[in-house]
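Take a look at the structure below.
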Amino acid sequence: MMGRNGYRNRVELLQGTLDMLILRTLQWGPAHGYGIVQALRTQSGEALQVETGSLYPALHRLERQGWVRSEWKQSEANQRARYYRITATGKKQLAQDLSRWEQMVAVMSGILKSTPTE
Amino acid sequence: MNWRFEKRKDELDEEIRTHMALDIADRMGRGESREQAEAEAAREFGNAALIEDVTHESWRWRRLERFANDLRYALRALRRSSGFSLTVIATLAVGVGATCAMFSVVDGVLLRPLPFKDPGGLIEIHESGKKGPLSYGSPYLDIDQWRQRSRAFSQIAFYNSNIARASFLEGTAGALHVGSATVSANLFDLLGVHPALGRGFSARDAGNSVKADDEHSLLLSDAVWRANYGADPGIVGKTVVMNGERFSVLGVMPRGFTFPFAGSNTNGMPLVWKPLLLKDEDVLRTHNAAPYYDALGRLRPGFTLAAAEAELKVFQPDIVKSYAESRDRENANSISLRGYAASLVNGDVRKALFALMGASALLWLIACLNATSLMWARALARRRELAVRSALGASRWQIVEHLLMEGILLSGCASLLGLGLAAGILKLFQHGLETQYKIHESLTLNLPVLGALLALTVAGALLISAWPTFAASRTSIDTALRQGSPQQGMGRAQRRMRTALVVTEIALSLTLLVGCGLLLRTIYALKHVPLGFRTEHIVVANMTIPSYKFAGRDMTTALYQPLVDRVKHLPGVESATLLTDVPLGNTFRMIFTLSPKGNSADAIRRAAIEAQFRAVSPEMQQVFGFQMLRGRFFNAGDTQTSQAVVVVNRAFVRAYFGDDRDPSKILGENLVSLGKDRRALVVGVLDDERQVSVAQSSLPEIEVCIPQITPESMFYKVAEGMSMDLAVRSEQSVSLITPELREALRTASPDLSASTFSTMDQVVEDSFGSQNLAAHLLEIFGGSALLLCLAGIYGLLSYLVAQRRQEIGLRIALGAQQWNVMSLVLRQAGWMLVAGLGIGLGMAYLGTRALGTLLYGVKADDPWTAGAVALVLLAGGLLASLAPARRAARVDPAEALRAE
């Protein structure tokens, strides 16, 4: 049993970052929902467990915005699964989000790492 | 939409299942047992249903889904109480049907836009004087003066539209009956409508009469072009034959264009237009020498009707100075203007329509009140259900949504049903609508009618559901759940509300019924006016006369006499007569004035006499049974060679002598000449009869005998060639005699077979006019209102009795007699009725004033009608409350108290 502490050890996602992570994951190639969760977990060194309750609404929202497209295909395990694929507009959006994110990180760390001067 | 939604839901389901399956497979691959893997996967996944819900929201279809849910729920709730739903739907449908039918009539008659450019600026110009506005038009010289002097009008056109009389336009398949109007060159330009093919008439000069080059040309309407020439695109320039005369086609007007506007006297015939060329007599100033034209002006922007009228009134006395005779000057020394659109519908019709529209709106309101009362009762009965729903987490807004959805559903169904009812009502009154309002189409679903229907639906839904919803949303869950039996449902305030609803219903119904009663009395009075002639067993044929075919021949001997002789010998025919127009027929009217002799006061008064003119056969008296007051009627001895004679009526004598003390004094007087040196003597005086309408008393009349009229007579051209009715007295049924008559007419001349047939009874009925139609419609509206109102009383009392069962049981247990219990209920009914009738009488007093001019033989505030109607409602109301009262009296005290 993981209990409450299990959750505490995980990284809480900032608002809007999930979309970016999903798009980034899909840049490696089409994947189904479970695959995305697993990929994020592995890449984060088990630190990031994406809630399915956030993942699926996010995927459907991205699809409505035209950033991803989905189709039903057979998975490796011979299971019919819905595969999501990033679209050209999705890629553009991701590049934009990334540059904004980097900007923000730079600004934030500039403030957070500065030593207070008297 | 919905199936797509379902499909996506299924897909999401599958997606989640796949996710779980992959997870389980992974875990099992890592060596977990199946149970363990399944449990872990499910735990990690979380609440699948919640995830589905959240995902649905991201589709933005959540609202739609909720709407669908509401709809499904409402449908289920309504189906469960189908009796209730059907009652509400039927109730509302009655109101919607009546209102929708009346609105579509009003829309068709009053709101239809005229298909002309800026129709508000089109003004009819009439001269007026001692006798009021002149309806027969103005001579060219006057019209031209207005054109030259007026600044208020940018253009003035004139036309002669004797279009009630058929012209015969020869085509590929026989002659087409068309109406032909003679128009000035600028008329179409003034209307802002231009020929779709070819060109219009060109003007001779600034006066706008047509150039002589265009004399034998013709403009076709689109309808004629299609019907007679198969929409031939090369028609312009071709020669066509109308009434035996050759015309070359100058152009074709656009589709849908009619002028004078359809609905005036076209008898449904398609139109053609002839050029108006001036003749020598157009510039004469002697009495009746110049032809009269209808004048139509276009207001210059910035001028009002009043300003234009004031302007013309300044010139007019100067213009009429050129008239040769003083009586002409006196009759035309002023001006009266009227908007063209307004002239198409006379004031009485407008009033009748608004009164009926108001009546139907009242009926709708009554229906809504009734439905509200029903919905209320239901909302109270469902209070516990709603409380349970809100205890389970439904928000107040969700409950309101549900109830509104039910209201919309009920109202929507009612509107559909009402639409059917409206079509039915219009079908039922088709004949009346055609003769009274010239509406030929049935229910047309155009934009205004659909808009009105939608408005009624939404307003109805809000009316019937808003109030109960408001009440329901305010109920606290706690009390509703704790209350033991639904019988305690209604609080005092709510009971008062429902009572107020029923009282209002009674008041509104009384208003409607008083209006209905007044019109029924009007019809009764009209039906009992002594007409002065018999109407039963008379068939009337209104003939379309191809007079051009008899040019150069005497129609009397060539057509009319042989026709009458033939018809008289048909089996079953007692007698037959020709006459220019049957009494009350209103298809042809000719006014006759006497020429003055000398300058005495008497002579001047006589010159002012306007008499109805009628040419008849000697057999007319046998057919119609007119009473002779003095002298004799025409007989077989009155021929072309015998002494010329005329017959006048009593009203004529009265007008001629100033009184009618001794009508025989007029016998032997010479009033008119039937031709050169054929001075006609008065040989008889007819008793009074109704000529124009039943409600209008007898007008002076002068009659001539058809067999005496020769082509040389001035009466020949105006009477015989224009309009002739054939009236036949026969004991045979109308359906038997009509085909025989049609055949006889066809044999006499093929063109006569298109004549229209009617019966004298029908002619009389049609002449009651608006009253008859309004009375029949109000009968339906009033009857429905009465039924709804009684149903409302019954419903409320039944509910109250059910609610007070325990109290009543207790009373009976304590010794109350049956009668005591019954009077308890009846007293309640009596209260509502007295209050409702009191308010209703006040409303009726104010409301029936709108009927004013429609009434005949009864006043709008007639106390007898109001009293009788109130009594009927009172009796009906008490009758409706008898059943609940008896139910109350039969309550078994043991049973009622046990339920506690």
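An oblate overall shape is assigned to region B:66-119, the ratio a/c of its alpha-carbon gyration tensor axes (a ≥ b ≥ c) being 1.5 or greater and a/b not exceeding b/c. Note on residue B:431: accessible area approximately 90 square angstrom, rounded to 10, probe 1.4 Å, nucleic acids and ligands left out.
When you count the other C-beta atoms within 10 angstrom of each residue and take the mean per peptide, B:723-731, B:803-811 line up highest first as B:723-731, B:803-811. Cα-based radius of gyration for region B:98-144, normalised by 2.2 N^0.38 Å, reads 1.78.
Sites listed here are trypsin sites (Lys or Arg not before Pro) in region B:118-169 whose DSSP assignment is loop and whose Cβ has at most 13 other Cβ atoms within 10 Å: B:130, B:131, B:151. Across B:819, B:376, B:225, the residue with the most accessible area heads the list, and the full order at a 1.4 Å probe is B:819, B:225, B:376. Hey, how many Å between the Cα centroid of region B:510-585 and the Cα centroid of region B:771-849? Answer, in whole Å: 49.
Distance distribution note for region B:487-552: the fraction of Cα pairs above 14 angstrom is 80%. Rounded to the nearest whole angstrom, the semi-axes of the ellipsoid equivalent to region B:186-288, taken from the Cα gyration tensor as √(5λ), stand at 24, 16, 14, largest first. Antiparallel beta bridges, as assigned by DSSP with both residues in chain B, represent about 75 percent of the total such bridges. How would chain B be classified by its alpha-carbon gyration tensor: rounded, prolate or oblate, with rounded meaning a/c under 1.5 and the a/b versus b/c comparison settling the rest? Prolate, since a/c reaches 1.5 and a/b exceeds b/c. For residue B:761, the solvent-accessible surface computed with a 1.4 Å probe is close to 80 Å², ligands and nucleic acids excluded. Kirkwood analysis of the Cα pair distances in region B:768-891 returns a hydrodynamic radius of 16.5 Å.
The HN-Hα couplings worked out from phi for region B:510-525 by the Karplus form 6.51 cos²θ - 1.76 cosθ + 1.60 (θ = phi - 60°) are 4, 4, 4, 5, 5, x, 4, x, 5, 5, 5, 5, 4, 4, 4, 4 Hz, whole numbers, x standing for Gly and Pro.
Taking a straight Cα-Cα cut-off under 25 Å and skipping sequence neighbours fewer than 8 places away in the same chain, the lysines within cross-link reach of residue B:274 are B:117, B:211, B:238, B:438, B:549, B:717. In units of the compact-protein estimate 2.2 N^0.38 Å, region B:628-712 shows a Cα radius of gyration of 1.11. Evaluated with a Cβ-only charge set (Lys, Arg +1; Asp, Glu -1), chain B carries a dipole of roughly 2360 debye about its Cα centre, given to the nearest 20. How would region B:109-248 be classified by its alpha-carbon gyration tensor: rounded, prolate or oblate, with rounded meaning a/c under 1.5 and the a/b versus b/c comparison settling the rest? It is prolate, given that a/c is not under 1.5 and a/b is the larger ratio. Helix B:62-80 and the long axis of chain B differ in direction by around 80°, with both axes built from C-alpha atoms.
Straight distance only, please: which lysines reach the Cα of residue B:313 with their own Cα at less than 25 Å, same-chain residues fewer than 8 apart left out? Output for residue B:313: B:130, B:131, B:321.
Taking the C-alpha atoms only, the angle from helix B:734-748 to the longest principal axis of chain B is near 40 degrees.
Taking only the Cα atoms of region B:1-159, the radius of gyration and Dmax are 37.9, 117 Å.
A 1.4 Å probe run over region B:681-798, with the rest of the protein chains in place, finds 33 Å² accessible per residue.
Note on region B:344-427: the alpha carbon radius of gyration divided by the globular reference 2.2 N^0.38 Å gives 1.62.
Stokes-Einstein diffusion coefficient for region B:120-201 at 25 °C in a medium of 0.890 mPa s, Rh from the Kirkwood formula over Cα pairs: what value in µm²/s? Reported coefficient: 160 µm²/s. Expressed as a whole percent, the accessible surface of the protein assembly as shown that belongs to carbon and sulfur atoms is 57, based on a 1.4 Å probe. Just so you know, the averaged projected area of the alpha carbon convex hull for the protein assembly as shown sits at 69.1 nm². Computed from protein heavy atoms with a 1.4 Å probe, the total accessible area buried between B and A is close to 2000 Å².
Each listed q (0.34 Å⁻¹) maps to a log10 I(q)/I(0) for region B:651-695 from the Debye sum over equal C-alpha point scatterers, namely -1.19. The 1.4 Å probe gives accessible areas that order B:548, B:292, largest first, as B:292, B:548. Using the alpha carbons alone, the radius of gyration of region B:700-781 stands to its Kirkwood radius in an Rg to Rh ratio of 1.09. Output the 0 to 90 degree angle, nearest 10, between the alpha-carbon long axis of helix B:48-58 and the longest principal axis computed from the alpha carbons of chain B. Once rounded, one gets 30 degrees.
The values are calculated or read from the model by the stated rules, or taken from the named source; none is laboratory data. Nothing here was measured: the structure is a model prediction, and the numbers come from that model. With ideal geometry, Cβ positions are generated from the backbone for all residues, glycine too; neighbour counts draw on all protein chains shown. Quick note on the areas: whole protein, heavy atoms, side chains included, nothing else; ligands and nucleic acids left out. Shrake-Rupley method; radii C 1.70, N 1.55, O 1.52, S 1.80 Å.
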